[in-house]
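Novice: I'd like to ask you about the structure that follows.
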Amino acid sequence: MAKQSVRLGVDIGGTFTDVVLEVGNQTYSTKVLTTYIAPENAIIDGIQQVCTKANIQHSDINQIIHGTTLATNALIERRGAKTALITTEGFRDVIEMRTESRFEQYDLNLTLPDPLLPRQMRYTVPGRMDANGNELIPLTRADILPIVDEIATAGYQSVAIGLIHSYLNDTHEKLVRDVLAERVPDIMISLSSEVSPQMREYERFNTVVANAYIKPLMKSYLGRLEGRLQDEGINCSIFLMHSGGGIISIENAANFPVRLVESGPAGGAVFAANIAAKYGLDKVLSFDMGGTTAKICLIKNQTPKTSRVFEVARTYRFKKGSGMPISIPVIDMVEIGAGGGSLAHIDAMRQIRVGPESAGSEPGPACYGRGGARPAVTDADLILGRLDPNNFAGGSIKLYALLAENALKSELGDQLTMDATTSAFGLTEVVDENMANAARVHAVENGEDLSEYTMIAFGGAAPLHAGRLCEKLGVNRLLVPPGAGVGSAIGFLRAPFSFEANRSVYMTLKSFDPKKIKNILSNLKIEATAFVRNCDIVSPILAEFKVYMRYSGQGWEIPITLNENQAMNPNVTEFENRFIEDYTKLFGRPVEGMNIEITVWSVNATTPSENVSRVAEKINGETALIHCERNLFDPALAKFVNASVVLRDYMKSGSVTQGPSIITEDETTIIVPSSRNAIRQPDGCIDITRKI
Amino acid sequence: MTKKHSEVAYQVMWNRLISVVEEQAQALIRTAFSTSVREAGDLSAGAYDVNGQMLAQAVTGTPGHVNAMADAVSHFIRRIGPANIFEGDIYITNDPWEGTGHLHDITMVTPSFYVGKLVGFFACTAHIVDIGGRGFGADAASIYEEGLYIPIMKFANRGIVDDTLICIVRGNVREPDQLIGDMYALATCNEIGHRRLINMMEEFNLNNLEGIGTFILENSRRATLERIAALPRKSGVGEMTVDGFDTPIKLKVKVTVYEDRIVSDFTGSSQLDKKGINCPLVYTKAYACYALKVAIAPEIPNNAASLAPFEIKAPIDTIVNAVHPAPVALRHIIGHFVPDTVFNAFDKIVPGLVPAEGAGCLCNFQVSLRPRSDATAPNGARRSEVLTFNSGGSGARPNHDGLNATAFPSGVMTMPVEATEHAGPVIIWRKELRPDSGGAGKQRGGLGQYMEVGAREGHEFDIQAMFDRVNYPALGRHGGIAGASTIINQDDGSTMRGKGKQFVPHGRKVIMAFPGGGGYGNPKDRPAELIKRDLARGYISAKAAREIYGMKQDEINAVLSAVKSGNYTQ
């Protein structure tokens, strides 16, 4: 067999480990149950399966791209290493005091999540930097030694070092590290000035603690994985997907495991971005809906939008503030508690509420017949004719309409004097509205108008709801790609090598210093490029420059993208114009006569994204073969309509089905509302557009 | 004509309206200049019908604003005059009695027009750092000294901003750029709410908000009345004494549950104070309502109907019903104690539901920094106003410990120390939990915190202290012990007062210990595991473990040595 590229994408999720093998243009995929105790076992098992399908040897694999939820789960389930924090005297409790506020003001019995490290595992040293990075109080080896001794005695595996204003001056953090490393050579050390050199001590300290906390676990897992793969005859290079939507080397991943936290969802966004490229779409909204949550992401110019901070492990109904902040480069996504398993109830105002509580897979929605008595989104979908009770998940799970009806009646209908159908209609309208609201808010926060966007939907439940979401959002076009069930793992294979380096340094436009700017950005470029070069020694590396600006006195910066020329030959007028332009777009009007400042500088080094060949799009064709007809409830019309059922596998390239229509396949069901038509594109995407 | 919508459609619209006001609040946070708004979230945003009835309010924000702002819009309609309301208008005030209780809160209201017709209003409020006068503090003897007063007036008339107003504001405040910036941020926030409302009206083919308004208010009223009807028809009296400025203040309330309303009568509370800690009735009402709502109807959203059954009475010219021209700048101090007072009464009506007393009012201070005057100041020394929000411990709950260093009843956040130190030449030397400050009990009160503040080299400053519970700590409930009191002095040991503007010379620091919450139930009933955990974490000292909780010395030693050897990891 001629030498061809054989690449493997592996995504370890909470329930399934998805493995996708790509041999040239052919793709083979499988899902195996995640093996928590030794996650590498599921990977080996999955590799076996896809290699057999593709009829290749293990040793034929050239490259593995891996993403995992293990780091996230370790944070959620508190299964990290015995970890200590060394911080500045007077600030021992920063990660415990959080923002000193209640994320839910109307709950007298609110409890706050425990910090990752309890108080006795947090140590302090003297020494202090000021807000300009100048030393106010020196720190000496003698100051540090007693703490190091205590840490040695207590037998910690990992230590986080987070000192006040270290994002401006890391000398003290480095000194602590050196003394610690001398005395306790085997201990793993994470510095806040390296993991997350950004202002705001709570976020920075929490991020470095999270990194230290999962580092031993991830290092050991990645080491074992490498060993197991070698035992299996796989000697290729292994790379890791990071939260920012790119890939990094296994060594960097082991040192900065906190960067892996959102790798799965990031893969999903890259998957959608790749579809966007195939269709030449510059404005895309990706919509991923599974069993428990829905994720929404804006993708402009085929690049997912990124952010500098996000929240992980929310403990209270997905509520903002109830988790822990992690400040690392991350694909900017909204996640809400809305999935097929989300449960509905009636609140005190007799309003239907859906989620975030989920029926999970056990007992599952009422219609699974496994003892679930409360109505879930899937129950409503069944009653409204969206699902075929005899052909759910390829016929592997039988659905019971009567059970769904009873659950809807008893939990919703009886209190609202509605029949089961109207209850189901109400339930799906509420959950669709929740998701639409999340998308609208996200778009407005980014100054975007969704009516210009195309939606790309994937994940088991998304194609059932995406059509209605498009109607609600005024989105004209919806693409449902094939392979949507393993979207993240496919996304890994499409991701570039990339690394984003950030630094907080204040500068006002009044004190604009082109030389200093060039210096900051050049250094960041060198830093970020080194990470990428470490993975790929041949490809050209592009640098993307971003500065975060605001009016002096504001607390919220907006990212301003610069090209290489603007970054390397900084011009104050250009910076000012770019800021005012973007600010006006976001907030309607500029503020006259205010100073402008730059707070954070960022360089993303990346290999060029692969050349994607455009799909030869079809716009019309023969009518798809109608398998049968079924009653389908159309929420926009608020009534049942007669819909044609079409089998996706039998839809020829270019064939068309007019809404109302139902396109079925093993992994999901695609609903085409009465207001839309669907066409199967040559690459297998179902392309759903508004009727003219 | 009003189109009849289905129940399902109304449910969707209500959801949408709540999302609209939430977005309005987020826009304010992202565009505001004052740290109090952008970092601390001291703000509020809401949507109103054409009569000024509040239909929806953002959950982002703080109860004092939330409930006070409910009444504000009807004042605007009356003052501006319905015939004088035009598309493109924006109204403004900081009237303590028609806004949210002091001159430091700017409220802005924007009429919302759809196809040339008035359909509703958007309002928002933000706490700004300076409004001139004596500065943010309790020192004034009347409202005239507390700063610039902006009566209800037009900030913009048919889209044209009033330059005269801007000029006057600029000329009267210490941080004009910041304040003008915040005024624009407030206007932007209403504008964003308006735009989203219009989108919704187009989508649902609405001409007005009557149908949806009725739906929201009727459902909310019914739900609230059901909760009230389920309570015993009883009265309870609650009292609490707090420091006040120069003389202690007594707060007294009689809470009576009727079939369809709850009346809180503050007769018997102290008279007006000479200093600016007096509270306008609107703010007292806001926090009395909050206390009752959080106890009996927490999930019912705030709107005109869900707030209406909570009535309040207080004699004029008392500390809880101050009228013009009484000084009211620090009205939050009394306001933040209202819930504890109401809880003291409500515990007699429904025992076992409400927490013990907590730190109550926020432990805020503002520093006014300037170049040192005792010697030549270095180049670059400057003037600056820095306000910080901090919290003591909350009261223990019937089944949970109090929250450590967490605001209650206020909903604001603290500012990051690193952000505060960028705001001016100030240094926060310490900000951490205060061991042994949580009142002992079966459930322990939340811990207070230590703070130390100084100035950068070359600066001296005035500190405006806004602390209470120096002489009257948070009391425990049902056998629980009081939390620790507030302490404030300078690093050379010289004492300072809990309230008022005080000078701090070059090179000195202010050392503060903020109060803990009261305990709930007898400390002897506290589970041994929790006492051990508290000792291991250093929430309590070995002495407290021994003397208050009755822990034996060998048990104490065992816990401390487990901590040393790294074996106590909880």
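Novice: If you take the residues in region A:131-145 that are surrounded by 18 or more Cβ atoms within 10 Å (Cβ to Cβ) and either out of contact with any helix residue (DSSP H, G or I) (no Cβ under 6 Å at 6 or more places or on another chain) or β-branched (Val, Ile, Thr) (or both), which one is farthest from the other protein chains (Cβ to nearest Cβ)? Explain how you work it out, then say what you get.
Specialist: Filtering region A:131-145 down to residues surrounded by 18 or more Cβ atoms within 10 Å (Cβ to Cβ) leaves A:131, A:139, A:143-144.
Still in the running and either out of contact with any helix residue (DSSP H, G or I) (no Cβ under 6 Å at 6 or more places or on another chain) or β-branched (Val, Ile, Thr) (or both): A:143-144.
Numbers: A:ASP143: 16, A:ILE144: 18 Å.
Filtering region A:131-145 for residues that are surrounded by 18 or more Cβ atoms within 10 Å (Cβ to Cβ) and either out of contact with any helix residue (DSSP H, G or I) (no Cβ under 6 Å at 6 or more places or on another chain) or β-branched (Val, Ile, Thr) (or both), the one farthest from the other protein chains (Cβ to nearest Cβ) comes out as A:ILE144.
Novice: Which of the strands (runs of 3 or more DSSP E) contained wholly in region B:209-268 include at least 2 residues that are of a type outside the set (Val, Ile, Thr) and surrounded by fewer than 22 Cβ atoms within 10 Å (Cβ to Cβ)? Before the answer, list the steps.
Specialist: Working: elements: B:235-242, B:249-257, B:262-265.
Filter on region B:209-268 gives B:235-242, B:249-257.
Novice: Within region B:439-457, work out how many residues are part of a loop (DSSP other than H, G, I, E, B), crowded, with 24+ Cβ neighbours inside 10 Å and out of contact with any Lys or Arg (no Cβ under 8 Å at 6 or more places or on another chain).
Specialist: Step one: of region B:439-457, the residues part of a loop (DSSP other than H, G, I, E, B) are B:439-442, B:444-447, B:456-457.
Cutting the leftovers down to crowded, with 24+ Cβ neighbours inside 10 Å gives us B:439-441, B:444-447.
Still in the running and out of contact with any Lys or Arg (no Cβ under 8 Å at 6 or more places or on another chain): B:439, B:445-446.
Adding up the residues that qualify gives 3.
One line per residue, one yes/no per condition, for (1) over 14 Å from A:VAL547 (Cβ atoms); (2) within 23 Å of the chain's Cα centre (by Cα); (3) outside any helix (DSSP H, G or I):
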| position | (1), (2), (3) |
| --- | --- |
| A:LEU478 | yes, yes, yes |
| A:PRO482 | yes, yes, yes |
| A:GLY485 | yes, yes, no |
| A:PHE492 | yes, yes, no |
| A:ALA501 | no, yes, yes |
| A:SER511 | yes, no, yes |
| A:LYS516 | no, no, no |
| A:ILE520 | no, no, no |
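Novice: Among strands (runs of 3 or more DSSP E) lying entirely in region B:1-99, which contain 1 or more residues that are in contact (Cβ under 8 Å) with a residue 40 or more places away in the chain and within 8 Å of chain A (Cβ to nearest Cβ)? First the steps, then the outcome.
Specialist: Numbers: elements: B:43-48, B:54-57, B:90-93.
Fully inside region B:1-99 and qualifying: nothing.
Novice: Might you let me know whether region A:161-168 holds any residue that is part of a loop (DSSP other than H, G, I, E, B) and surrounded by fewer than 22 Cβ atoms within 10 Å (Cβ to Cβ)? Please lay out each step first, then the result.
Specialist: So in region A:161-168, the residues part of a loop (DSSP other than H, G, I, E, B) come out as A:163-168.
Of the ones still in play, those that are also surrounded by fewer than 22 Cβ atoms within 10 Å (Cβ to Cβ) are A:168.
Checked against the condition, which is being part of a loop (DSSP other than H, G, I, E, B) and surrounded by fewer than 22 Cβ atoms within 10 Å (Cβ to Cβ), region A:161-168 yields at least one hit.
Novice: Scan (1) surrounded by fewer than 22 Cβ atoms within 10 Å (Cβ to Cβ); (2) of a type in the set (Gly, Ala, Ser); (3) under 10 Å from the mean Cα position of the chain (by Cα) for the single condition A:GLY267 breaks and write down its number.
Specialist: (1)
Novice: May I ask you to list the residues in region B:531-570 that are free of Cβ contacts under 8 Å to residues at least 24 places away in the same chain, within 14 Å of chain A (Cβ to nearest Cβ) and either under 29 Å from B:ASN344 (Cβ atoms) or among the polar types (S, T, N, Q) (or both)?
Specialist: B:SER561, B:SER565, B:ASN567, B:THR569
Novice: Among the candidates A:GLU576, A:GLU617, which residue alone is farther than 30 Å from A:ILE275 by Cα, touching a residue at least 40 places away in the same chain (Cβ under 8 Å) and either part of a helix (DSSP H, G or I) or touching an Asp or Glu at 6+ places or on another chain (Cβ under 9 Å) (or both)?
Specialist: Details: A:GLU617 fails: farther than 30 Å from A:ILE275 by Cα.
Of the residues listed, the single one that is farther than 30 Å from A:ILE275 by Cα, touching a residue at least 40 places away in the same chain (Cβ under 8 Å) and either part of a helix (DSSP H, G or I) or touching an Asp or Glu at 6+ places or on another chain (Cβ under 9 Å) (or both) is A:GLU576.
Novice: Right, next: Report yes if some residue within region B:335-349 is within 13 Å of chain A (Cβ to nearest Cβ) and surrounded by fewer than 24 Cβ atoms within 10 Å (Cβ to Cβ); otherwise report no.
Specialist: Within region B:335-349, one or more residues are within 13 Å of chain A (Cβ to nearest Cβ) and surrounded by fewer than 24 Cβ atoms within 10 Å (Cβ to Cβ).
Novice: Let me ask another. Can you give me the number of residues within region A:247-295 that are under 30 Å from A:PRO363 (Cα atoms), assigned to a strand (DSSP E or B), in contact with a strand residue (DSSP E or B) (Cβ under 6 Å, 6 or more places away or on another chain) and at pLDDT below 95?
Specialist: Number of matching residues: 3.
For every residue, the table says whether it meets (1) surrounded by fewer than 24 Cβ atoms within 10 Å (Cβ to Cβ); (2) closer than 26 Å to B:GLY236 by Cβ; (3) in contact with a helix residue (DSSP H, G or I) (Cβ under 8 Å, 6 or more places away or on another chain).
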position: B:GLY358; (1), (2), (3): no, yes, yes
position: B:SER368; (1), (2), (3): yes, no, no
position: B:PRO378; (1), (2), (3): yes, no, no
position: B:GLY392; (1), (2), (3): no, yes, no
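For (1) within 12 Å of chain B (Cβ to nearest Cβ); (2) among the basic types (Lys, Arg); (3) touching a residue at least 24 places away in the same chain (Cβ under 8 Å), each residue gets a yes or a no:
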{"site": "A:PHE103", "(1), (2), (3)": "yes, no, yes"}
{"site": "A:ASN109", "(1), (2), (3)": "yes, no, no"}
{"site": "A:PRO118", "(1), (2), (3)": "yes, no, no"}
{"site": "A:PRO126", "(1), (2), (3)": "yes, no, yes"}
{"site": "A:MET129", "(1), (2), (3)": "yes, no, yes"}
{"site": "A:ILE147", "(1), (2), (3)": "no, no, yes"}
{"site": "A:ALA152", "(1), (2), (3)": "yes, no, yes"}
{"site": "A:ALA160", "(1), (2), (3)": "no, no, yes"}
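Novice: Moving to a separate point now. Residue under question is B:PRO416, and the condition is that it be modelled with pLDDT under 95 and either β-branched (Val, Ile, Thr) or under 30 Å from A:VAL505 (Cα atoms) (or both); does it hold? I'd like the intermediate steps shown before the answer.
Specialist: Working: modelled with pLDDT under 95: yes; either β-branched (Val, Ile, Thr) or under 30 Å from A:VAL505 (Cα atoms) (or both): yes.
Yes: the conditions hold for B:PRO416.
Novice: Going by what's in this entry, would B:TYR149 be described as part of a loop (DSSP other than H, G, I, E, B), in contact (Cβ under 8 Å) with a residue 24 or more places away in the chain and of a type in the set (Phe, Trp, Tyr)?
Specialist: Numbers: part of a loop (DSSP other than H, G, I, E, B): yes; in contact (Cβ under 8 Å) with a residue 24 or more places away in the chain: yes; of a type in the set (Phe, Trp, Tyr): yes.
It is true that B:TYR149 is part of a loop (DSSP other than H, G, I, E, B), in contact (Cβ under 8 Å) with a residue 24 or more places away in the chain and of a type in the set (Phe, Trp, Tyr).
Novice: Quick one: would you say B:ALA407 is small (Gly, Ala, Ser), in a loop (DSSP other than H, G, I, E, B), away from every other protein chain (no Cβ under 12 Å) and more than 20 Å from B:GLY441 (Cβ to Cβ)? Please lay out each step first, then the result.
Specialist: Values: small (Gly, Ala, Ser): yes; in a loop (DSSP other than H, G, I, E, B): yes; away from every other protein chain (no Cβ under 12 Å): no; more than 20 Å from B:GLY441 (Cβ to Cβ): yes.
The answer is no for B:ALA407.
Novice: Tell me which residues, restricted to region A:625-644, are in contact (Cβ under 8 Å) with a residue 60 or more places away in the chain and of a type in the set (A, V, I, L, M). Explain how you work it out, then say what you get.
Specialist: Residues of region A:625-644 that are in contact (Cβ under 8 Å) with a residue 60 or more places away in the chain, as a first pass: A:630-633, A:635-636, A:638, A:640, A:643.
Hits for region A:625-644 are A:LEU632, A:ALA636, A:ALA638, A:ALA643.
Novice: Yes or no: region A:451-465 includes at least one residue that is outside the structural domain of A:PRO375 (by TED's automatic domain parsing), free of Cβ contacts under 8 Å to residues at least 40 places away in the same chain, over 30 Å from A:ASP18 (Cα atoms) and out of contact with any Lys or Arg (no Cβ under 6 Å at 6 or more places or on another chain). I'd like the intermediate steps shown before the answer.
Specialist: Taking region A:451-465 first, the residues outside the structural domain of A:PRO375 (by TED's automatic domain parsing) are A:451-465.
From what's left, free of Cβ contacts under 8 Å to residues at least 40 places away in the same chain: A:451.
Then keep just the ones that are over 30 Å from A:ASP18 (Cα atoms); that gives A:451.
Restricting the remaining residues to those that are out of contact with any Lys or Arg (no Cβ under 6 Å at 6 or more places or on another chain) gives A:451.
Yes, because at least one residue in region A:451-465 is outside the structural domain of A:PRO375 (by TED's automatic domain parsing), free of Cβ contacts under 8 Å to residues at least 40 places away in the same chain, over 30 Å from A:ASP18 (Cα atoms) and out of contact with any Lys or Arg (no Cβ under 6 Å at 6 or more places or on another chain).
Novice: Could you tell me whether any residue of region A:324-331 is at negative phi, assigned to a loop (DSSP other than H, G, I, E, B), assigned by TED's automatic domain parsing to the domain that holds A:ASP414 and not β-branched (Val, Ile, Thr)? Working first, answer last.
Specialist: Within region A:324-331, the first condition is being at negative phi, and the residues that meet it are A:324-331.
Next cut, assigned to a loop (DSSP other than H, G, I, E, B) only: A:327-329.
Imposing the further condition that a residue be assigned by TED's automatic domain parsing to the domain that holds A:ASP414 reduces the set to none.
For region A:324-331, residues at negative phi, assigned to a loop (DSSP other than H, G, I, E, B), assigned by TED's automatic domain parsing to the domain that holds A:ASP414 and not β-branched (Val, Ile, Thr): absent.
This table checks each residue for (1) away from chain B (no Cβ under 14 Å); (2) surrounded by 19 or more Cβ atoms within 10 Å (Cβ to Cβ); (3) at pLDDT 95 or above.
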{"position": "A:ARG183", "(1), (2), (3)": "yes, no, yes"}
{"position": "A:ILE189", "(1), (2), (3)": "yes, yes, yes"}
{"position": "A:SER192", "(1), (2), (3)": "no, yes, yes"}
{"position": "A:PRO197", "(1), (2), (3)": "no, yes, no"}
{"position": "A:ARG200", "(1), (2), (3)": "no, yes, no"}
{"position": "A:GLU203", "(1), (2), (3)": "no, yes, yes"}
{"position": "A:TYR213", "(1), (2), (3)": "no, yes, yes"}
{"position": "A:LEU222", "(1), (2), (3)": "yes, yes, yes"}
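Novice: If we scan region A:73-87, do we find a residue that is more than 13 Å from A:ALA210 (Cα to Cα) and either outside the structural domain of A:ASP130 (by TED's automatic domain parsing) or over 26 Å from the mean Cα position of the chain (by Cα) (or both)?
Specialist: So in region A:73-87, the residues more than 13 Å from A:ALA210 (Cα to Cα) come out as A:86-87.
Subsequent filtering for residues that are either outside the structural domain of A:ASP130 (by TED's automatic domain parsing) or over 26 Å from the mean Cα position of the chain (by Cα) (or both) retains A:86-87.
Yes, the conditions are met somewhere in region A:73-87.
Novice: Can you tell me which of B:ASP436, B:ASP401 is in a loop (DSSP other than H, G, I, E, B) and in contact with a Lys or Arg (Cβ under 6 Å, 6 or more places away or on another chain)? Give the derivation first.
Specialist: Numbers: B:ASP436 fails: in contact with a Lys or Arg (Cβ under 6 Å, 6 or more places away or on another chain).
Of the residues listed, the single one that is in a loop (DSSP other than H, G, I, E, B) and in contact with a Lys or Arg (Cβ under 6 Å, 6 or more places away or on another chain) is B:ASP401.
Novice: Another question, if that's okay. Run A:LEU586 past the list (1) touching a Pro at 6+ places or on another chain (Cβ under 9 Å); (2) in a helix (DSSP H, G or I) and report the number of the one that doesn't hold.
Specialist: Failed condition: (1).
Novice: In a helix (DSSP H, G or I) and of a type in the set (D, E, K, R): which single residue out of B:LYS348, B:LYS293 fits that description?
Specialist: Numbers: B:LYS348 fails: in a helix (DSSP H, G or I).
After ruling out the rest, the residue left standing is B:LYS293.
Novice: Let me ask something additional. Closer than 29 Å to B:HIS194 by Cβ, surrounded by 19 or more Cβ atoms within 10 Å (Cβ to Cβ) and touching a Lys or Arg at 6+ places or on another chain (Cβ under 7 Å): is that true of A:ASN476 in this structure? Talk me through it step by step, then tell me what you get.
Specialist: Working: closer than 29 Å to B:HIS194 by Cβ: yes; surrounded by 19 or more Cβ atoms within 10 Å (Cβ to Cβ): no; touching a Lys or Arg at 6+ places or on another chain (Cβ under 7 Å): yes.
Criteria not met by A:ASN476.
The values are calculated or read from the model by the stated rules, or taken from the named source; none is laboratory data. Since we're looking at a predicted model, the values are computed, not measured. Neighbour counts run over all protein chains shown; Cβ positions are idealised from the backbone, glycine included.
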